[in-house]
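Worksheet: the structure to be examined is printed underneath.
The values are calculated or read from the model by the stated rules, or taken from the named source; none is laboratory data. All figures in this text were calculated on a predicted structure; none of them were measured in a lab. When we count neighbours, we look across all protein chains shown, and the Cβ atoms used for this are built from the backbone with ideal geometry, even at glycine.
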Amino acid sequence: MAHEAVSSSLAVDEQDSATLHQPTKDATPKINLLGMSRAALEQFFESLGEKKFRAGQVMKWVHQYFITDFAQMSNISGKLREKLEKVCEVKAPEVVHRHYSKDGTRKWVFRVGEGSGSLVETVLIPADDKTGARKTLCISSQVGCALDCSFCSTGKQGFQRDLTPDEIIGQLWVANESYMEDVEVAERTRSVTNVVMMGMGEPLLNFKPVVQAMSLMLDDFAYGMSKRRVTLSTSGIVPMIDKLGEQLDVALAISLHAPNDELRNELVPINKKYPLEQLIASAQRYIKKDGNESARKHVTIEYVMLDGVNDKLEHAHQMVKLLKDLPSKINLIPFNPFPHAPYGRSSRNRIMAFQKVLSDAGFVCTIRQTRGDDIDAACGQLVGQVADRTRRAEQWKKKVAQQHEIVRSQG
């Protein structure tokens, strides 16, 4: 994940790579309807001389029945279907690798952009809950990340570009469609129950496309998801948290990882610009916005457990003090080491002791279960071998090697 420890252990299979093809470039590119909001689609159909309700019809075909062929949209006139076929398309990002774990976890690697493009990853994690089988999809918002958190390998590849609305919502479309491949169209349903914007990238630094995609997730003509089941996770871009509160009502998660500014400056450098006092205040404002809507009753606090770094009991007591006025649930995340990572995973006993301090203080505090280990899809393993265009990873690995050499020479 972009705000957590990330492993770069995935490589696209040779067989998968051999099947990749370069898309042909049309003289006049078709309009991709996949990422368009209902309002944009209504305006589009009016520009074609059609009624606005056509937008809702097409949205249902695309997002609820996973149909991309206009010829199959039977409640639309033949004349309009022919017109749409000429100027439009419904196109999700290209899947270049997929792997389904024995524990039910599913992972996709998508190619985005033209030509060789770039790769981003998406992971679906199943779990049983009171309402039945929960399926949570972790979605990426950027190729790479500019924040360079010290424990995250996504940041080590640097920032390449933002994802477009169709590239973001396309990850949800593919995940849902993967369960419907052998299901008759009339019997298809939306299988993904929860979405977390916790994949590659900082969602609030790609604000407009992320909000547009999340609005589609909530739209009854698209995925009709509950506000409580759509979560945006941020490392703490304070002004954009406030802006999000003005435009969308979804659950908010904060990638905290440290309970004091000195340590957080080291682990999450954006803290130097937006320190903890400002971050906690913005989270409080978000909860209070518009009368405390259902999705905003609390903030989820994400905290990666790094051995000997942020997992001491004094850190737990600092968290109690930091979060005392912020309604929050805390999710402790065992660190998943990646090549050249300068950190190790906290022991189970230390994580449980940390949890006890928080629970005794009245916080709901859970320890995240690692899933999908057999396909490198456990929490914090969402990167893959993406091109390091900024050479940041190379420089970082060199720095780590130099530190190891210093330790050896001194010992």
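Just one of 104, 132, 113 is in the same structural domain as residue 162 (by TED's automatic domain parsing), closer than 19 Å to residue 169 by Cβ and modelled with pLDDT under 90; which is it?
After ruling out the rest, the residue left standing is 113.
So residue 211 fits all but one of (1) part of a helix (DSSP H, G or I); (2) surrounded by fewer than 17 Cβ atoms within 10 Å (Cβ to Cβ); (3) not basic (Lys, Arg); what number is the exception?
The failed condition is (2).
Could you run through segment 90-140 and say how many residues are in contact with a His (Cβ under 8 Å, 6 or more places away or on another chain) and β-branched (Val, Ile, Thr)?
1
At pLDDT 95 or above, closer than 28 Å to residue 190 by Cβ and outside any strand (DSSP E or B): does that describe residue 86?
So residue 86 fails the test.
Consider residue 120 against the criteria (1) surrounded by fewer than 22 Cβ atoms within 10 Å (Cβ to Cβ); (2) part of a strand (DSSP E or B): it satisfies all of them except one. Which criterion is unmet?
(1)
Among the hydrophobic types (A, V, I, L, M, F, W, C) and in contact with a strand residue (DSSP E or B) (Cβ under 8 Å, 6 or more places away or on another chain): which single residue out of 244, 263 fits that description?
Going through 244, 263 in turn, just one is among the hydrophobic types (A, V, I, L, M, F, W, C) and in contact with a strand residue (DSSP E or B) (Cβ under 8 Å, 6 or more places away or on another chain): 244.
Listed residues 303, 343; which is surrounded by 18 or more Cβ atoms within 10 Å (Cβ to Cβ), aromatic (Phe, Trp, Tyr) and assigned to a loop (DSSP other than H, G, I, E, B)?
343
Quick check on segment 353-368: of everything there that is within 27 Å of the chain's Cα centre (by Cα) and not in a strand (DSSP E or B), which residue is farthest from residue 317 (Cα to Cα)?
Top of the filtered list is 368.
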